[in-house]
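As structure tokens, the structure follows; a few thoughts come after it.
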Amino acid sequence: MDASPMTNPPEIVLYGSALCPYCHMAKRLLSKQELAYTEISVDFHPARRDEMEARSGRETVPQIFIGATHVGGFDDLSALVARGELPALLRRESGSPADPAV
């Protein structure tokens, strides 16, 4: 993760379920990246599930959003981190200027 703190970090939203192992892995990965996130449980909340499906176009959990960008599920988030593309996405969604060294 980038060592310089963002002045206006983007909102990170994770739609998930308590029984979903991929949701737990996604939360651990976000925490490992030292990123705060808002978790929205779709368990027993049909309106929240409908909201998630409308935003993502997908029915499975987790569904992760960084700012306005739909990242996808755990595999998508993990791949983003592995490719080293997460810091650039965070900067872009925070409105921070691009780092010329990247």
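Read the figures in this text as sums done on the coordinates, not as results from a lab. Here the structure is a predicted model, which is why all the values come from computation and not from measurement. Please note: Cβ atoms are built from the backbone with ideal geometry, for glycine as well, and neighbour counts cover all protein chains shown.
Using amide H atoms built in the peptide plane, which far-off residues or other-chain residues are under 5 Å from V71 H to H? Amide H neighbours of V71: I64, F65, I66.
Each of A18 and R92 was given a label point 7 Å from its Cα along the Cα-to-Cβ line. The distance between the two points is 3.6 nm.
Quick one: of the DSSP bridges fully inside region 12-94, what percent are antiparallel, nearest 5?
Numbers: 7 of 11 bridges.
In region 12-94, DSSP labels about 65 percent of beta bridges as antiparallel.
Taking P46, P21, P62 in turn, the Gaussian network model of the chain (Cα-Cα springs below 10 Å) assigns the largest fluctuation to P46.
When the alpha-carbon atoms of the chain are used, the pair Rg, Dmax equals 13.7, 46 angstrom.
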